[in-house]
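Q: Here's a structure for you.
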Amino acid sequence: MKKYRITDDSGFLAIVNPARYNGFVSSDWEFEDLVERFKIEMKNNNLIIWSSGGEGSWNVHVLESASGREAARQFDKLIEVTEGQLLLTNYEDLTMAAQFEDEHLITESNKNQLFDIKNGLYNATIRQLNHAEHTGSTGGTSSNERSDFEIILTPFVPENSIKDHIETIMWFAS
């Protein structure tokens with residue numbers, strides 16, 4: 001298990017294949033332009049993005065199987081690993097990459113959110129364990145031991161695979 005504490009000032013979290021994610025949109029992008037970029041990258045299995053339900057700091061655990069705790073909500077999506085790493089990130093990092101062509105998605109401030117994983121295609125299950133409507137402006141649990149979100153990554157097996165058709169920001173009401 002890998003444990004992370006990530007800040008979220010805009011209400012969105014994501015996991016990204018940093019080796020293949022093409023984040024640049026324009027120096028003066030609009031939100032709709034960014035959402036279109038997200039859709040392309042999700043279709044290419046380079047990105048999974050979801051609404052956290054509020055702003056704050058969140059405890060995220062990356063696991064090989066679910067903890068057994070009841071999820072308030074969850075969804076499944078495919079993601080591909082091509083250079084042995086995925087990045088847990090937030091909207092702020094994604095918008096910097098969208099605005100500046102020379103901005104790298106991995107920075108000094110978020111490199112501790114990289115995690116090693118073997119190359120391949122993975123079924124990812126994103127589980128929110130708290131109730132989004134109860135998070136408020138501080139978001140997240142106070143203990144680093146309890147997770148707010150679980151990311152379960154299992155190798156892709158065609159006969160056990162999820163139906164991968166998500167191409168939007170999950171749990172976001174636009």
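Q: Would you check which residues across the range 92-104 are closer than 15 Å to Ile6 by Cα and surrounded by 20 or more Cβ atoms within 10 Å (Cβ to Cβ) and list them?
A: Residues satisfying the conditions are Asp93, Leu94.
Q: Something else now. Of everything in the range 37-78, what is charged (D, E, K, R), closer than 17 Å to Leu13 by Cα and out of contact with any helix residue (DSSP H, G or I) (no Cβ under 9 Å at 6 or more places or on another chain)? Give them in sequence order.
A: Those that are charged (D, E, K, R), closer than 17 Å to Leu13 by Cα and out of contact with any helix residue (DSSP H, G or I) (no Cβ under 9 Å at 6 or more places or on another chain): Lys39, Glu41, Glu55, Asp76.
Q: If the requirement is being farther than 19 Å from Ile152 by Cβ and in contact (Cβ under 8 Å) with a residue 60 or more places away in the chain, which of these qualifies: Val16, Val25?
A: Residue meeting the stated conditions: Val25.
Q: Under the condition of being of a type outside the set (Lys, Arg) and surrounded by fewer than 20 Cβ atoms within 10 Å (Cβ to Cβ), which residue from the range 39-54 is modelled with the lowest pLDDT?
A: Once the filter is applied, the top-ranked residue is Gly54.
Q: Tell me which of these Ile117 doesn't satisfy, since it passes every other one: (1) out of contact with any Ser or Thr (no Cβ under 8 Å at 6 or more places or on another chain); (2) modelled with pLDDT under 60.
A: (2)
Q: Looking only at residues in the range 55-81 that are surrounded by 15 or more Cβ atoms within 10 Å (Cβ to Cβ) and hydroxyl-bearing (Ser, Thr, Tyr), which one is farthest from Leu34 (Cα to Cα)?
A: Once the filter is applied, the top-ranked residue is Ser67.
Q: Can you name every residue in the range 34-52 that is more than 17 Å from Leu86 (Cβ to Cβ) and free of Cβ contacts under 8 Å to residues at least 40 places away in the same chain?
A: Glu36, Ile40
The values are calculated or read from the model by the stated rules, or taken from the named source; none is laboratory data. Here the structure is a predicted model, which means the values were calculated and not measured. Quick reminder, even Gly has a Cβ in these numbers, built from the backbone with ideal geometry, and neighbours come from all protein chains shown.
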